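Written below as structure tokens is the structure these notes are about.
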Amino acid sequence: MAYSSYCLVCGGTGCESSKADLIYRELRRVAEERGVDNDVQIVKTGCFGFCEKGPIVKILPDESFYVDVKPEDATELIDEHVIKGRAVKRLMIKDKERKKHLETEDDINFYQKQVRVVLRNCGIINPEDITEYIAREGYAALEKVLFSMSDDDVIAELKTSGLRGRGGAGYPTWQKWKFTKDIKHTAEEVFVVCNADEGDPGAYMDRSTLEGDPHSVMEAMTIAGYTCGAHKGYIYIRAEYPLAIKRLQTAMAQAREYGLLGDDILGSGFNFDIEIRLGAGAFVCGEETALLASIEGERGTPRPRPPFPAVKGLWGMPTVINNVETWANIPMIILRGGEWFARIGTDGSKGTKVFALTGKINNSGLIEVPMGTTLREIIYDIGGGIPKKKQFKAVQTGGPSGGVITADHLDTPIDFDNLTKLGSMMGSGGMIVMDEDDCIVDVTKFYLEFSVEESCGKCAPCRIGTRKMFDILERITSGKGEMEDIDRLEAIAVSMKKASLCGLGQTAANPVLSTLKYFRNEYLDHIQNKRCPSGVCKDLVRYEIDAEKCIGCTVCARRCPVNCIAGERKTVHVIDQDACIKCGQCYDACKFDAVRIA
Amino acid sequence: MSTQTVETATFSDELLKFIETWKDKRGNIIMIMHRIQQEFGFLPWDAMAHMAKLIDVPLAKIYGVATFYHYFKLEKPGRNKVAVCMGTACYLKGARDLIDELSNLLDVGVDETTEDGEFTVESVRCVGCCGLAPVVMVGDEVYGKIGPDGLPEILAKHRSAATEGA
Amino acid sequence: MAKMTLEELRKLRDEKRLELNRRKVDEKTIEVIVSMGTSGIAAGAKETLQAFIDELNQHGITNAVIRQSGSLGLDHAEPTIEIHMKGMPDTIYGSVTPAVVTEIVDRHILKKELVDKHVFDRPAPDIIKE
């Protein structure tokens, strides 16, 4: 026996805390009372991600979307909507500008906040079946380019689109292509390269794109080959991404079989093929000149620019190099036109950006939003807010080359230029949310440790500078910092910015500069008061039990791994400070907030 | 420097064939090294020397490349690779504690192998499962959302599996 | 498959599109899509896929197509799957362990009711309308 409608109650943590469970039970009770419990099924679901308006109730199949629902609304929802089939307008989201009640979620801003261009096929097609890609307009852009566009047409379309490189720096893609195109007749050979050496800790959008939709990248590379006169392309991918490599290999074999790679593609007379080259775990190889050195089989150290790869790249030949996400945009731009693309995004940054949203966030995952979306929308509407009702502290973007964005800037529209203005950068798209429990100095140290390990050692400012900065941060977090350390950090940062050879060194100081700008007080706390406000830096932490709050439940004493908490049942417990290893288990375990960080 | 060696005769036919097809390609060194490491689990000294002869490249160059990239190992790894993800999300959610606990339990530091050759502990960069942070991988198996408490069980599982298999 | 000409590519595209669309409206077909990206597999998507194959066999359900795709992006809810079938709304389920698969086959597919607590929502509708 089938139900005629379904009533979904959001059971995400946000809504759950705002009485979703009560609503759920009320709905069931009323449905039973009215004798319609066989017609409507009431279920609890995962988070809809629209926590600011929670609790949410959605009724299928008409997709009505109710917000701010209270338990007492249950009767009306069942009576009006389920039984009589009339929408309860009062509970629908109000859009002041349009002055009408919106009825289905497609109309709600939140669901329009994600726009899928790059991830258009991810999770929809089978990446190991080329025909499914073809069915979704796959290789239609290549078709258009090969049979109806000149090289100048392609570049003009890219120019109109305003597409900028998604690898981090945001250089206009059409310019890179044009440099190469202009000299293609004088060059002995031209190459196309895809940078899939995604190394930022906390970023994995390129991997997901290649795993979910490998053909889009290959199609775009072939288009670049046609435009810029290349017959050979390389995909440089991390060896740590075995699944993406396998899917690419499958996709390439199928494309060759169908005549979409190889000689005389679709009978056009144009030849192009792609080869996979594996990275070997060096972050610096994400920098384009180092990457090219690595493809050549050398140690992956950067080369001075200019000359830029567009003019003198792989084996000294002109080379078009773009990152995965940039490539994945291109078939859509060709197919729908640069103008279509330019309508998405902000003045200086067109299109969308994929972010890997992780850290202290309820709905971690991959999202794609138009440029110009604010952090608030990303964190609270899409990401579902911070778990356990903790306070938002900052978001880190741009990985070891980026910086933090604080609560004051939650409403800044995110694009290349705004992020740079705030002292961070777009980077490849890792977005790590931090809450009050995270220590800014410690996180900065984490990034510096990364840069120390990954500095290739070729130029002194980066090799020595990262190490020196790391040492200073190590001192500060262990309680041995002095006031001059802040000046030292700033001085090193400036010289590294000016004198380093490649992007890695030039930006390695950004995490320090940015956190010093926005969280200077936290540094000062560590240095002057020998105190870590969030209780992360173990040398600076002291756990104490508040005698007034402790009820003597013994949970902390039982949890303590070194048995340093003394106390009988129902008496106040005490921590033996000499034996304490500051693991924080008691702090996490206490349900009465009696354990505090002194 | 590694003293671990391997008989050059142990290059499998597939490996020799692979080298043959790549021999004349430009920039082939790294790809061939990947293939050798796939066969031996690391880059034995003799294997690099043999490779140098096969493709006619100075051994110094191969060694230079091998030491530049983190992915290439010059020491024989343990039977189980225990990799703790040190991506930012995992770091924030306590990956450091996992490393500390592992060194406690196994009495080895990062990038070291236990005496019985069972486990090598590694810290790796983002394995891309940030939704499951913090993450530990043993071989190809991923364990997500685990705390230090969960480690002994995981190690036990793989230890016994390895001995049974032996 | 031999190398294609332009005409053959266009023909293949039209045919395949028709086939996929037909599957959507075909009353007889149940389509299960298992999201198999790295994060999905790490969370157990392979077991989920196998569980679907086993469960469907066990119930003698022969009109179901199981497909795999890349990641939907819902990392916090992996493994995720999507079901399309006549008479039920298109549904995404999250945290689908083999035990949940049993429940989904039993309740969603056979009894046509949603499975409590595992319904998730698509992160966004495609703006690229077909």
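We did not get these values from a lab; they are worked out from the coordinates using the rules stated. What you see is a predicted model, and the numbers here were worked out from it, not measured in a lab. All Cβ positions, even for glycine, are placed from backbone atoms using ideal geometry, and neighbour counts span all protein chains on display.
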Listed residue (A:VAL441, A:PRO304, A:THR397) projecting farthest to the positive dipole end of chain A, Cβ model: A:VAL441
Which one of C:MET88, C:ALA43, C:PHE120 is farthest out on the positive end of the charge dipole of region C:29-120, using unit charges on Cβ (Lys, Arg +1; Asp, Glu -1) and the Cα centre as origin? C:MET88
Taking the Cβ of A:GLY267 as the center, what net charge do the other residues with Cβ under 12 Å away carry, scoring Lys and Arg +1 and Asp and Glu -1? -4
If you take each beta carbon of peptide B:61-71 and count the beta carbons of other chains within 10 angstrom, what is the mean? 5
Unit charges at the beta carbon, dipole of chain A: most positive-side option, A:VAL217, A:ALA598, A:ALA251: A:ALA598
Cα-based Rg / Dmax (Å) for region B:23-63: 9.4, 25
Charges only on Cβ, +1 for Lys and Arg, -1 for Asp and Glu: so what's the dipole of chain C about the Cα centre, in debye to the nearest 20? 440 debye
Can you give me the convex hull volume of the Cα atoms of the protein assembly as shown, divided per residue and expressed in Å³? 189 Å³
Exposure proxy check on A:GLU368, A:GLU26, B:GLU14: fewest-to-most Cβ neighbours within 10 Å is B:GLU14, A:GLU26, A:GLU368
Kindly rank A:491-499, C:91-99, A:198-206 from highest to lowest mean number of other beta carbons found within 10 Å of each residue. A:198-206, C:91-99, A:491-499
Extension gain from B:THR21 to B:ALA60, taking 0.36 nm per residue of separation minus the Cα-Cα distance: 11.8 nm
How would C:ASP106, B:ASP24 line up from fewest to most surrounding beta-carbon atoms within 10 angstrom? B:ASP24, C:ASP106
Could you work out the mean count of beta carbons from other protein chains within 10 Å of each residue's beta carbon in A:581-594? 1
Given 37 °C and 0.692 mPa s, compute D for chain C with the Stokes-Einstein relation, Rh being the Kirkwood radius over Cα pairs; round to the nearest whole µm²/s. 208 µm²/s
Taking each residue in C:29-41, count the Cβ atoms of any other chain within 10 Å of its Cβ, then average. What number comes out? 5
Hull shadow area, averaged, region A:440-528 [alpha-carbon convex hull, nm²]: 4.8 nm²
Please go through the residue pairs A:LYS246/B:LYS23; A:LYS176/A:LYS350; B:LYS157/C:LYS46; A:LYS388/C:LYS46; A:LYS468/B:LYS61; B:LYS23/B:LYS73 and name each one whose alpha carbons sit more than 26 Å apart in this structure. A:LYS388/C:LYS46; A:LYS468/B:LYS61
Which net charge results for the neighbourhood of B:CYS90, defined as the other residues with beta-carbon distances under 11 angstrom from its beta-carbon, given Lys and Arg at +1 and Asp and Glu at -1? +3
Protection proxy (average C-beta count within 10 Å per residue), highest first, orders A:441-448, A:27-34, A:583-590 as A:441-448, A:583-590, A:27-34
Most exposed first by the Cβ proxy, i.e. fewest other Cβ within 10 Å, how do B:ARG79, B:ARG35 rank? B:ARG35, B:ARG79
